[in-house]
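Undergrad: Starting off with a structure, shown below.
The values are calculated or read from the model by the stated rules, or taken from the named source; none is laboratory data. It should be emphasised that the depicted structure is a prediction, and the values quoted were computed from it without experimental measurement. Here the Cβ positions follow ideal geometry from the backbone for every residue, glycine too, while neighbour counts run over all protein chains shown.
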Amino acid sequence: MSADDTSEEADLTEGEEVTVQDAGEGQPPSFDDGIVDLLSWILDTETRARIYLYLRQHPDSTSEEIATGTGLYPSTVREALAELHEEGKVERGKRESGGAGNNPYEYTTQPPSELVASIVDGVQDGLNTVFNLDRHLGQAEADDERGPVTITVEFEEPEADADDD
């Protein structure tokens with residue numbers, strides 16, 4: 001967590017539920033802390049996981065809207081969004097407005113399936129390293145470094161409705 005994270009985030013304990021506030025409603029939606037933990041592992045921090053979850057529910061949000069909706073400091077949100085954008089995990093575009101003035105960036109996330117696909121090679125390599133640990137420690141011959149673990153991610157295309165023809 002960065003120094004800009006709220007003290008509420010720093011006080012989270014095992015098993016505690018994390019919420020993302022919906023700026024348009026009084027009650028914030030809650031997420032199973034297991035989902036937040038998994039996303040935190042994939043995205044490196046809980047802050048980035050909370051931003052990702054918020055954007056999945058509210059695509060095309062600005063950094064200000066994300067900060068309001070998640071309860072994170074605006075500077076923390078801007079920094080995390082810049083990193084996520086650089087890594088290709090979020091996309092940004094200028095919000096169109098009819099008037100003059102500054103058009104802020106609005107953000108969307110990559111689909112969860114693409115997020116999973118982006119980490120598969122690293123996970124597979126790590127699992128095979130553990131499987132081949134004796135070889136890496138010099139206690140066995142290194143015949144084949146590939147190992148038995150192969151992870152495949154298959155994307156299913158949504159089926160087109162028969163009425164669309």
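Undergrad: Restricting attention to region 137-161, report how many residues are farther than 27 Å from Leu115 by Cβ and modelled with pLDDT of 75 or more.
TA: 3
Undergrad: State all residues of region 96-119 that are out of contact with any Ser or Thr (no Cβ under 8 Å at 6 or more places or on another chain) and in a helix (DSSP H, G or I); if no residue qualifies, say none.
TA: Pro112, Ser113, Glu114, Val116, Ala117, Ser118, Ile119
Undergrad: Does Ser40 satisfy the condition of being buried (at least 17 other Cβ atoms within 10 Å of the Cβ), modelled with pLDDT of 75 or more and in contact with a Gly (Cβ under 9 Å, 6 or more places away or on another chain)?
TA: No, not satisfied.
Undergrad: Among the residues of region 83-99, is any hydrophobic (A, V, I, L, M, F, W, C) and touching a residue at least 40 places away in the same chain (Cβ under 8 Å)?
TA: So far as region 83-99 goes, yes, one or more of its residues are hydrophobic (A, V, I, L, M, F, W, C) and touching a residue at least 40 places away in the same chain (Cβ under 8 Å).
Conditions (1) under 14 Å from Ser61 (Cβ atoms); (2) outside the structural domain of Leu43 (by TED's automatic domain parsing); (3) aromatic (Phe, Trp, Tyr), marked per residue:
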site	(1), (2), (3)
Pro74	yes, no, no
Arg78	yes, no, no
Ala82	no, no, no
His85	yes, no, no
Lys89	no, no, no
Arg92	yes, no, no
Ser97	no, no, no
Tyr105	yes, no, yes
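Undergrad: Now for a different question. Considering region 53-73 alone, what residues qualify as being assigned to a helix (DSSP H, G or I) and under 8 Å from Tyr107 (Cβ atoms)?
TA: Hits for region 53-73 are Leu55, Ser63, Ile66.
Undergrad: From the list Ala80, Ala67, which residue is modelled with pLDDT of 95 or more, closer than 21 Å to Leu38 by Cβ and among the hydrophobic types (A, V, I, L, M, F, W, C)?
TA: Ala80
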